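What follows is one structure encoded as structure tokens, with my remarks underneath.
Values in this text are rule-based calculations from the coordinates and carry no lab data. If you're wondering where the values come from, they're calculated on a predicted model, not measured in any experiment. Every residue, glycine among them, receives a Cβ derived from its backbone with ideal geometry; neighbour counts consider all protein chains shown.
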Amino acid sequence: MMPYLYADPSVCTGCRICELVCSLYNEKVISPNKSRIRVVRIEPSIDTPISCRNCAKAPCAEICPTSAIYRDERGVIMVNENQCIGCSACVMACPFGAITIHPEKGVAIKCTLCGMCVDFCPVRCLKIIDSEKLSMEKRYKFAEQMEAKSK
Amino acid sequence: MMYGYAGHVLKVDLTKGKVIKEELKRELIQKFLGGRGFGAKTLFDELAPGVDPLSPQNIIIFAVGPFTGTLVPKGCKYSVISKSPMTNCYGDSEGGGFFGPELKYAGFDMIVIYGASEKPVYLWINDGRAEIRDASNLWGKSTFETTELIQEELGDKSIKVACIGPAGENLVRYACICNDLYRQAGRTGMGAVMGSKKLKAVAVRGTGEIKIAKPDEFLELAKEALKKTLEIPATKMLREQGTLLQIMASNEWGVLPTRNFQDGVFELAERLSAQYAIEHLFVKARACFGCPVACGHVRYVKSGKYKGALNEGPEYELTAMLGSNCGIGSLECVIKAAQLCDELGLDGISTGNVIGFAMECYERGILTDKDTGGLKLNFGNEEALLEVIRKIASREGIGDLLAEGVKRAAEKLGKGAEDIAVHVKGLELPAYDARGSMGTALGFAIADIGGSHCRSWTMGPEISKGIRFEVAGKAEMVRDSIRARTLPDILGFCRFCLLDFDTYAKLLTAITGIEYKASDLIEVTDRVYTLTRAFNVREGITRQQDTLPKRVLTEPLKQGPTKGVYVKREDLDKMISEFYKLYGWDENGIPREETLRKLGLEDVLESLRNIGKISS
């Protein structure tokens, strides 16, 4: 299964600490614009972190003209910076806005599942998970609710 | 390379319609660090004494600190600094949300705004560049509409906007600046200063970066600071309940302002409480930038006569001032009132104090139906509360008088109104009754910006130690609280859930690459506080104005643990003398020569000598 970063928008408070730690850890500077995860706030009550879902049929990898985008042994979609030409085809293909072009390096950047944001999220709304595990968690949650009702 | 700072200052001359970008001066960083420190120094240096705060000669400054926009917990703050139209003294206010960090990512640590425009304008700052744009279509619009219209005009929803509403345009003296819809630089009338300059808004978009001297070390320190912040019990309580948790605490302490500070216990407090909000109105907890606390609660009224009212908030201060202080026991009504204040751009604290004052005047016959235009301004009249908020913002009818604040309104009314006007130096007192603890009394009396809790807050610790009515040791407690609360305004983070000076010194060292010790940071807070005192001295403030409202000094509270309590003049005098001594100011509250020298404020000494405040 492909692991990905799961964000629960009902828990997210929109603080954007994930953006800060992402840029500091990966770029050694503070810059939300270089973060691989971005939080979108829609007034009055939605805050939703968005990052790569490591799609099974990744449109970014399929469209990349230089085959710079590949899947590594963990199942994570990665960018080979030497091969990337910064053409933005992946940006256009991604349905989520989860891949961007680094403003100085001119190469595509995206979540590499380093997990730093998970460690820093103060409300624990982020976790690294795969679809089998996520659906299992949901099944258990649903079943527990039924059990509670049956009492 | 400048670590931790954007490195630039934007100077804007609205009279000439020009913008200039300058480098941030290293001497300014060395002595004042950032935020409120930058602003206080710039205002002292560039503003001549005696200037009318609402004239084009006044200057208004936006400044951020080295923690703003970084990974330091709660690093979201910006300061607005100007001469206050409420107090004619030094004024400032801090705003949270997202505007401050965005300004820094756009490449600026400070904006200094001079002059006044003839036509309405707004300032647009986009990644290191700035321009003054026409705001004719925005004039008269609410803060919400203004924010959305600017984002629409410039075609970017991520633009952050700090703006004024109609209250600021109409020079209501306690008009606030509203940023990111629900965050305000609320106090001391900064919105009126913007209005006097015909400056409707500052809009910012920044995609830049903040360079960190020791990124790996900073990451570790920030993680530790985050962990410590999450371990503070108040963090969890504030996230779960919002600042409204203070309503029941204040009521139990007998300090919840009730009916214009006539009482400290409100019989309907539970209807304004966090518990009530959670059960009936809570939507979700929301954070400012970089904040693990998330004390902002979105609340929505689902049914009844205020159906549809929505606010991120209201927070404690506004709820107490527009609620209990006006005799209003409906949180739904307060949400509606908060929404109005936010949209119109009014400081909720002053607004609630002013309306409470007007209600008491009405009940005592100082204000009549003729004055109010038929509005029955009795305590607890919800419709009248909402109507008078609108009238204040538009300066219509009775609103014109009330827009001046309680001090000026009482002076105009006479007939004993001055005895029931609850302010210090012209700034309305906030939602902690000063009779409830001697530290609070001292803190309000000596605050450089007038009656405000933003400078020191000692009530909680005084009560938990069981020493709240004692005089001894209070000057020191207030001094320590001022230090602890000045630092966040300087470095650019929120004053809730604070850690120790050592932690902040280490974080600042890792960010800037300059070695700081806790004692260095304490010294900067003392320097800034003495500087703003000197500013006020230069404006003519003396010991005489470091006082409390007549009500606090003569009228005992009526119920609960504060029953029978008022602040005795001699007690206040004793604390003030001790406080001056601790800061190295003389008996008249003028900073001593050796104090100014020790703090490296020789230029301030020179300035005070030139006007004869310090003998040469």
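Quick notes on this structure:
- Among residues of the stretch B:59-71 that are away from every other protein chain (no Cβ under 11 Å), those with a Cβ under 6 angstrom from a residue that is outside any strand (DSSP E or B) and acidic (Asp, Glu), sequence gap 6+ or separate chain, pair up as B:ILE59/B:GLU46; B:VAL64/B:ASP109.
- In summary, helices (runs of 4 or more DSSP H) completely within the stretch B:324-438 and bearing 3 or more residues that are in contact (Cβ under 8 Å) with a residue 40 or more places away in the chain and of a type in the set (S, T, N, Q) occur at B:348-364.
- All of (1) within 30 Å of B:GLY397 (Cα to Cα); (2) more than 14 Å from chain A (Cβ to nearest Cβ) hold for B:ARG183 with one exception: (2).
- Against the criterion of being crowded, with 24+ Cβ neighbours inside 10 Å, of a type outside the set (S, T, N, Q) and out of contact with any Gly (no Cβ under 9 Å at 6 or more places or on another chain), B:PHE67 does not qualify.
Yes/no matrix, rows are residues, columns are (1) among the hydroxyl-bearing types (Ser, Thr, Tyr); (2) in contact with a His (Cβ under 6 Å, 6 or more places away or on another chain); (3) over 25 Å from A:ASN33 (Cβ atoms); (4) surrounded by fewer than 24 Cβ atoms within 10 Å (Cβ to Cβ):
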position	(1), (2), (3), (4)
B:ALA185	no, no, yes, no
B:MET190	no, no, yes, no
B:LYS198	no, no, yes, yes
B:ALA203	no, no, no, no
B:LEU219	no, no, no, yes
B:LEU226	no, no, no, yes
B:LEU230	no, no, yes, yes
B:PRO233	no, no, yes, yes
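- Flag for A:PRO32 being within 14 Å of another protein chain (Cβ to nearest Cβ) and either polar (S, T, N, Q) or closer than 15 Å to A:ALA98 by Cβ (or both): yes
- Top-ranked residue in the stretch B:262-298 [being aromatic (Phe, Trp, Tyr) and out of contact with any strand residue (DSSP E or B) (no Cβ under 9 Å at 6 or more places or on another chain); ranked as farthest from B:ASN353 (Cα to Cα)]: B:PHE289
- Of all residues in the stretch B:157-188, exactly one satisfies the criterion of being under 19 Å from the mean Cα position of the chain (by Cα), in a strand (DSSP E or B) and either more than 27 Å from B:GLY451 (Cα to Cα) or of a type in the set (Ser, Thr, Tyr) (or both), namely B:VAL161.
- Taking the stretch A:99-151 as the range and being on the phi > 0 side of the Ramachandran plot and within 14 Å of chain B (Cβ to nearest Cβ) as the test, the residues that pass are A:GLY115, A:ARG124.
- Of the candidates B:LYS77, B:LYS11, B:LYS41, B:LYS16, the single residue that is in contact with a Lys or Arg (Cβ under 9 Å, 6 or more places away or on another chain) and surrounded by fewer than 23 Cβ atoms within 10 Å (Cβ to Cβ) is B:LYS11.
- Some residue of the stretch A:72-89 being touching a residue at least 24 places away in the same chain (Cβ under 8 Å), touching a helix residue (DSSP H, G or I) at 6+ places or on another chain (Cβ under 8 Å), away from chain B (no Cβ under 14 Å) and crowded, with 23+ Cβ neighbours inside 10 Å: yes
- Conditions (1) buried (at least 17 other Cβ atoms within 10 Å of the Cβ); (2) free of Cβ contacts under 8 Å to residues at least 24 places away in the same chain: number failed by B:GLU279: (1)
- Test set (1) charged (D, E, K, R); (2) loosely packed, with under 15 Cβ neighbours inside 10 Å; (3) out of contact with any strand residue (DSSP E or B) (no Cβ under 8 Å at 6 or more places or on another chain) - B:LYS563 fails condition number: (3)
- Counting only residues that are more than 7 Å from chain B (Cβ to nearest Cβ) and assigned to a loop (DSSP other than H, G, I, E, B), the stretch A:1-29 holds 7 of them.
- Among (1) within 10 Å of another protein chain (Cβ to nearest Cβ); (2) exposed (fewer than 15 other Cβ atoms within 10 Å of the Cβ) - the single one A:ARG41 does not satisfy: (2)
- Among the residues here, B:GLY254 qualifies as within 27 Å of B:LEU429 (Cβ to Cβ), more than 20 Å from the chain's Cα centre (by Cα) and surrounded by fewer than 24 Cβ atoms within 10 Å (Cβ to Cβ).
- Matching option when the condition is closer than 23 Å to B:ALA287 by Cα and touching a residue at least 60 places away in the same chain (Cβ under 8 Å), among B:THR188, B:THR229: B:THR229
- Entirely in the stretch B:270-314, the strands (runs of 3 or more DSSP E) that have 1 or more residues that are touching a Pro at 6+ places or on another chain (Cβ under 8 Å), within 13 Å of chain A (Cβ to nearest Cβ) and within 22 Å of B:GLU382 (Cβ to Cβ): B:296-300, B:310-312
- Looking at B:ILE177, B:ILE132, just one residue is β-branched (Val, Ile, Thr) and over 26 Å from B:GLY352 (Cα atoms), and that residue is B:ILE132.
- Looking only at residues of the stretch B:189-222 that are in a helix (DSSP H, G or I) and in contact with a Pro (Cβ under 8 Å, 6 or more places away or on another chain), we find that the one that is nearest to the other protein chains (Cβ to nearest Cβ) is B:ALA222.
- A residue that is of a type in the set (A, V, I, L, M), under 30 Å from B:PHE144 (Cα atoms) and within 10 Å of chain B (Cβ to nearest Cβ) occurs nowhere in the stretch A:50-62.
- Of all residues in the stretch B:524-546, exactly one satisfies the criterion of being of a type in the set (D, E, K, R), in contact with a helix residue (DSSP H, G or I) (Cβ under 9 Å, 6 or more places away or on another chain) and surrounded by fewer than 19 Cβ atoms within 10 Å (Cβ to Cβ), namely B:ARG543.
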